[in-house]
Amino acid sequence: MGFERFGSKSFTSQAKVAEFVDYLDKGELAYTKCRTCSQAYFPPRADCANCLGNDMEWIAFKGNGKIVTFTHTMYAPTGFEADAPYTIVVVELDGLKVLGRMNKEVPVDTLSVGMSVKVEIVKLPDGQVTYEFLPA
């Protein structure tokens, strides 16, 4: 399966980390970790920026995370205009910072830094797959 199925708009069909989409299909959000130096990456990487190796393992995130920061946007970039407004959150999850959208049904005025959130895998009507966050 190619990377073209990730997100509401995909700009590439091939990626060295296309397995990311396979994890989403299984209902999991995953990151990569270098087997040589133990550096972890999200978004996933196929090559380690720390030791320059390429012996990476895939690990599914477990449990809940906490909001580090968030922003609510009323405007969207070209191609995503219909998505606005939406809220972007940075979540600390398994020691990594994960950027993603908050579920649109969650009012922005209910969010706070430190709030516990969980990952939800979203299968879009056109066969695309992505992830978002919900209160835990």
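Read-outs: derived from the displayed coordinates by stated rules, not from any lab. The structure presented is a predicted model; accordingly, all values stated were derived computationally and were not measured. So basically every Cβ, Gly included, is an ideal-geometry build from the backbone, and we count neighbours across all protein chains shown.
Within the set Gly127, Gly63, the sole residue that is out of contact with any Asp or Glu (no Cβ under 8 Å at 6 or more places or on another chain), touching a residue at least 24 places away in the same chain (Cβ under 8 Å), not hydrophobic (A, V, I, L, M, F, W, C) and not in a strand (DSSP E or B) turns out to be Gly127. Restricting attention to segment 114-124, the residues that are surrounded by fewer than 12 Cβ atoms within 10 Å (Cβ to Cβ) and not in a loop (DSSP other than H, G, I, E, B) total 0. Considering only residues in segment 22-59 that are in contact (Cβ under 8 Å) with a residue 40 or more places away in the chain and of a type in the set (Asp, Glu), the one that is nearest to Gly95 (Cα to Cα) turns out to be Glu28. Filtered by the rule that a residue be among the β-branched types (Val, Ile, Thr) and either free of Cβ contacts under 8 Å to residues at least 60 places away in the same chain or farther than 22 Å from Tyr23 by Cβ (or both), segment 106-124 gives Val106, Val108, Thr110, Val113, Val117, Val122. Hey, does segment 90-113 have a residue that's under 18 Å from the mean Cα position of the chain (by Cα), among the hydroxyl-bearing types (Ser, Thr, Tyr) and not in a loop (DSSP other than H, G, I, E, B)? No, segment 90-113 has no match at all.
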